[in-house]
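I have placed the structure first, in the form of structure tokens, so that the comments after it can refer back to it.
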Amino acid sequence: MNARRGALLVDNGVKWTALPVDFPYWRAVYDFFRRWRAYDFARELYERLRRSARERAGRNAEPSAGVIDSQSVDASETVGEDSRGYDGGKSRDGRKRHILTDTEGLLLEVTVTTADVHDSKAAPALLETFMQQPGRLLKLVWVDSAYRGPALAKAFARHGVRTEVVRRSDGQPGFVVLARRWVMERTLSWLARSRRLNRDHERRPDHHAQMVWWAAVIRLSRRLAADAPRWPEKRPGRLPRAQA
């Protein structure tokens with residue numbers, strides 16, 4: 001299974017047993033997916049794309065600031081009771097994906113829990129997973145008011161990361177675009193456009209996390225392809241054969 005076909009699985013949301021006829025037997029495709037998940041190949045692929053995108057924009061390959069938030073999604077009947085919960089605030093019965101992005105909305109880390117896990121409880125593990133990789137430069141993370149408490153502050157201080165809460169102005173009616181947090185909301189909406197992520201169909205939380213990485217690969221690879229030089233418009237030294 002190559003990266004293009006893996007991305008199609010996420011974008012179209014097809015069942016494993018209902019793969020198109022141009023795919024190999026579904027069990028063979030699933031075995032490749034499990035190997036990529038075991039070795040974190042999808043995450044590595046995305047990180048290489050992310051570094052390229054940041055360097056193209058004239059930024060450091062590794063970010064020094066980020067944004068954390070979460071998104072609850074309903075789970076289908078394939079998700080067992082032992083790995084799902086109910087988020088009373090969002091009225092969602094399923095799982096919750098906790099996401100860390102840079103200031104441009106590019107995905108840095110993702111972890112999946114049951115929907116009843118509070119954001120402040122999942123954030124330390126999310127940060128730990130990201131910071132354990134060599135070369136990380138993260139120093140500041142913007143969060144909402146849910147990310148508070150001494151345990152959370154201690155976990156972030158252990159890595160030398162400072163948190164800054166972005167609050168909504170008191171008495172402000174209607175929808176308000178909040179500084180920094182709108183970047184995260186845009187990323188969550190990008191991910192939700194992948195049909196496989198509209199609901200959680202995965203039996204295992206780590207498989208759902210892999211689907212998030214694949215959805216991010218789809219979005220970023222299309223963005224990089226759109227920014228690539230085009231022939232002949234952006235290559236004035238080379239003309240079409242008919243004009244030569």
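The values are calculated or read from the model by the stated rules, or taken from the named source; none is laboratory data. Since the structure is predicted, the reported quantities are computational estimates derived from the model, not experimental observations. Backbone-built Cβ (ideal geometry, glycine too); neighbour counts: all protein chains shown. In case anyone asks, the SASA skips ligands and DNA or RNA and just uses the protein heavy atoms, side chains included. Shrake-Rupley method; radii C 1.70, N 1.55, O 1.52, S 1.80 Å.
The table that follows gives values for the structure above.
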item	result
When residues of segment 86-121 are limited to those that are at pLDDT below 95 and under 16 Å from Ala155 (Cα atoms), the one nearest to the chain's Cα centre (by Cα)	Asp119
Test: Val166 is open to solvent by less than 10 Å² (accessible area, probe 1.4 Å) and under 28 Å from Glu55 (Cα atoms)	no
Check on Leu127, in contact (Cβ under 8 Å) with a residue 12 or more places away in the chain, part of a loop (DSSP other than H, G, I, E, B) and open to solvent by less than 60 Å² (accessible area, probe 1.4 Å)	no
Counted residues, segment 66-102 - those being open to solvent by less than 20 Å² (accessible area, probe 1.4 Å) and over 18 Å from Arg199 (Cβ atoms)	7
